[in-house]
Structures are given as structure tokens and as C-alpha cells.
Amino acid sequence: MWCLLLLTPIVAFAQPYLNEFPFHQQTKYFDFRFKRNSERIKTIARFADGFIGVINRDFFPAGFDYPVRVLVLEDRASFQNCLRQQFSIANPPNFGIFLYQSNLFATYEDSGLGTFAHEIMHPLVERNLKDRPVWAIEGIPTFFEKFYGYWEDDRLTVNWGYQNPWRIEMLGTNLVQLDLKGIIAAMEMPADKIVPLWKAYLNDIAANRNEIMRLPPSAIFQDKEVFQRFVTQYRIPTVKQRL
């Protein structure tokens, strides 16, 4: 998952290129463009507006230059080819990218709702949390990339705070070798406060590694009943259970 650095030059989004995206869905906060009419895109579009609503309601005012344009390609190969050909990005990411100078988010149908949440958080953090510490630039979007929730009419309810299996897998045995001094420096917190939290964090991951690796992708369900069946089936703790 990427956000493109603010100072990186981006080729301007050419208006004629939109003609290659015959389908269009306008929501309150986003302008979706896509090449085929897929049910997945309808799901993403509904979640997108609901997600901004959750940020506004539960975290901070999510001011931005709405609507954000969203390109949804058919698959990963099409997504990466689009970035190479239209935006001159030589080494495109695997899931999604936010292009600041074009106010545009690009992804593909099966990249997952977690990708959308992570990438959209980058410009929201950049715009609205001016006094953030260094760790928050990537840390806050990462917090929002793993979740489970459900709809109550048009209100989105989300459970956050889950580990992302691919991040734990990527760390492998290096998990216990993470540089605590570097993390403390980035977080600008006294060591005596962060060390106990750090030890508890690593111990919790180690104790629950197998369960973390079995977590399914982030998902939003049609109602609370379906959500409850899902979390029961996969033994996923919810907010009340984690308190």
C-alpha cells in the first residue's frame, strides 16, 4: 500500500483517458470510474462514504477536497499497467495508491476494503493532523486497514484494532528484533512509558500468532446478525470482548 510523496512529480491526469472508463458512480465524497459494472465496486462505493462518516463521527473532522476521484481497474495487472502508462510510475504498488497532485486514488476490484481505508487515510492525515508525530504518517493508516463491521440502515459500525496477517508474516522471526530505540525516538515518548507497552504488544502477538494468521480479509456485512455469525464462525473478538 502506498501514498505517493508530495514532492514527487506526477503526470497530470488526462481528461480523454476517462473515456476508457465507461462506468461512473458519484457518491457524496468520491467520483468512481471503472471499466466494468461489478457488484464489488458498488460495495466499495458504499463503504467509501460510510468510512468518511465514521472518521468524522468517531475520530476527527475529515476535511478534504471532495470529491476524490477513484479509478478501479479490473485486476492487479491492469492497475499496475495503468500506473506505468498514464502516471509514469515505474514500480507500481501491489494494491492501491493515492496520487496527491491528481487528487486521485487508484486500485483494482479485489484489492480489498482495507486497502481503500489505508490509502484514503493518508491524505486525510496529511490535511487534518498537521501536528502529527513522524510515526503517525504510516501508523494511523495502518491502524485502519484491518476491520470488521456491519450496516445499520445507512450507519456504518466498525470494529478496529486487528493485526494484519500479511504484516506479521512479512516480519517473520524479525518481529522480536524490531528496533525499540528507533521506535521510541519516532514516537517522542519517554522510554519508561513505552517499554511496558512494547513488551505487552509483542507478547500478545506471540501468544495469538496462529489466530492472527487465520484472520479473514477486512469485511463489512449487510447487518448485525450476519456480522455476529461471521465473528462467531471465525472466533474474532469484538470491541466489548477486547475491553
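The mean sequence distance of close C-alpha pairs (under 8 Å, at least 6 residues apart), as a share of the length of region 81-237, puts its relative contact order at 21 percent. Taking Cα atoms, how many degrees apart are the long axis of helix 224-233 and the longest axis of the chain, rounded to 10 and kept between 0 and 90? Helix 224-233 sits roughly 50 degrees off the main axis of the chain. For the pair Q85 and I194 in one chain, pulling the backbone fully straight at 0.36 nm per residue adds 34.7 nm over the alpha carbon distance.
For the chain, set up a GNM with springs between Cα atoms under 10 Å and report which of E145, E109, E39 has the largest fluctuation. Comparing E145, E109, E39 in the GNM, the peak value goes to E39.
Here r is the Cβ-Cβ distance between S38 and A206 and R0 is 35 Å; the resulting FRET efficiency, rounded to 0.05, is 0.30. For K224, the lysines whose Cα falls under 17 Å of its own Cα, not counting residues fewer than eight places away in the same chain, are K240.
Report, to the nearest 10°, how far helix 76-87 tilts away from the longest principal axis of the Cα atoms in the chain, using its own Cα long axis and a range of 0 to 90°. Helix 76-87 and the main axis of the chain meet at about 60 degrees. For K181, a cut-off of 16 angstrom between C-alpha atoms picks up these lysines, skipping any fewer than 8 places away in its own chain: K193, K199. Compactness ratio for the chain: Cα radius of gyration over 2.2 N^0.38 Å (N = residue count) comes to 1.06. Relative to the longest principal axis of the Cα atoms of the chain, the long axis of helix 113-128 lies at roughly 90 degrees.
Divided by 2.2 N^0.38 Å, where N counts the residues, the Cα radius of gyration of region 2-145 comes to 0.99.
Any read-out appearing in this document is the output of simple, stated calculations on the displayed coordinates, not a laboratory observation. A quick note: this is a predicted structure, and the numbers were derived from the prediction, not measured. Here Cβ is always computed from backbone atoms with ideal geometry, including for glycine, and neighbour counts include all displayed protein chains.
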